[in-house]
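Notes follow once the structure below has been shown.
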Amino acid sequence: MSIVHVIGTGTIGEPLIGLLADHRDDFGLEEVTFHKRTPLATERAKINDLVRRGAVLVVDEDRQAAFEELGHAPKYGAIEAIERASVVIDCTPVGNQMKGEFYDHAEGPLGFLAQGSEFGFGKMYARGINDRVVSLDDRFLHIVSCNTHNIAALIKTLAMDPDGESHLEDGRFLCIRRANDISQGSGFVASPTVEPHKDDRFGTHHARDAHGLFETMGYDLNVYSSALKLNTQYMHSIHFSLKLDREITVDEAIDRLNANTRVAVTLKRSANEVFSFGRDHGYYGRILAQAVVSLDTLAVRGGNELVGFCFTPQDGNPLLSTVAATLRWLDESTMEERLDVLRPYLYTEV
């Protein structure tokens, strides 16, 4: 049986469960199960809708009665659901802890995935970046964060040749982050709030993770990132500076962007307009491209330094990578064909 089990129903878990359930037949899945830890009346409608779309609720055994009081009908216990799954996708902030306690010893699943913050969970992966070094032998994969997807896509598209030769001498990235997701009621900031540089070599985890992602392919890139939060819920954006070992023009950069399928381009310069496009034309509001580059902001400094701004499609890019990794484990020979159903949301222009 092809069973995918998702743990967590937050900003990544919830849309992922829905995406898998909606396309269960397209992906060749017999069942999609999901684990909800805490029974909450405020989230009853969300759980009911996921079940209506075909997903199966899983809860901890000692909380089953509390879920039933809310009107839910859990089908499996937490450990049982892990053991019977083909692929387990952990969308919680405790993936590494769960790996040590349960995943390392589970015999049933073909593979395990953890999301953004779980550094060290397994080999880093981003769809369209390091597919060639990911194999069925990689049982644990770490899907990098949405901003790391963005940074990696910029580097591969604008600073590397199709044959893989890198021309990047120095990459600098300022991650201008939204305060919180529109689905979240806490964590908002009242004004722009800067983040410390905790890593001597990379600044923030965004560049560290991008370096680790390319390191799986043998690169040792010189990258550095900074981050701040703005008092908005719309989108992350990134200011980037790519210093190359050769000259580049804005026209060449635009040609490179137009020739790839990883990155979308836009003539829009405001996050609300890009966000609105995703709301109206994306999959449940989500653009699945790795990045959206604002063409009007591109400039070349000193002949070999390309600078500009781009927007990050938030959880859209990790969603695509997560589904691709899942389908590879289930049947590598049909992975690309089964991903076709999502290609309409891989916009090349926004």
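Residues in segment 29-68 that are part of a helix (DSSP H, G or I), crowded, with 19+ Cβ neighbours inside 10 Å and either out of contact with any Pro (no Cβ under 7 Å at 6 or more places or on another chain) or not assigned by TED's automatic domain parsing to the domain that holds Arg328 (or both): Ile47, Leu50. For segment 184-201, the criterion of a residue being assigned to a strand (DSSP E or B), in contact with a strand residue (DSSP E or B) (Cβ under 7 Å, 6 or more places away or on another chain) and crowded, with 16+ Cβ neighbours inside 10 Å is satisfied by no position. The conditions of being buried (at least 21 other Cβ atoms within 10 Å of the Cβ), among the hydrophobic types (A, V, I, L, M, F, W, C) and outside any helix (DSSP H, G or I) are met by Ile89. One residue is enough: does segment 294-310 have a residue meeting the conditions under 19 Å from the mean Cα position of the chain (by Cα) and not assigned by TED's automatic domain parsing to the domain that holds Gly10? Yes: one or more hits.
Restricting attention to segment 326-333, does a residue exist that is under 30 Å from Cys91 (Cβ atoms), of a type in the set (S, T, N, Q), surrounded by fewer than 19 Cβ atoms within 10 Å (Cβ to Cβ) and more than 22 Å from the chain's Cα centre (by Cα)? Yes.
Applying the condition of being hydrophobic (A, V, I, L, M, F, W, C) and surrounded by fewer than 24 Cβ atoms within 10 Å (Cβ to Cβ) to segment 120-140 and asking which residue is farthest from Ser225 (Cα to Cα) yields Leu136.
Within segment 10-28, the residues that satisfy the criterion of being out of contact with any Cys (no Cβ under 8 Å at 6 or more places or on another chain), of a type outside the set (Phe, Trp, Tyr) and outside any helix (DSSP H, G or I) are Thr11, His23, Arg24, Asp25, Asp26, Gly28. When Asp22, Asp49 are checked against the criterion of being at pLDDT 95 or above and either over 26 Å from Glu332 (Cα atoms) or among the hydrophobic types (A, V, I, L, M, F, W, C) (or both), Asp49 stands alone in meeting it.
The values are calculated or read from the model by the stated rules, or taken from the named source; none is laboratory data. All values reported here derive from a predicted model rather than from experimental measurement. Here Cβ is always computed from backbone atoms with ideal geometry, including for glycine, and neighbour counts include all displayed protein chains.
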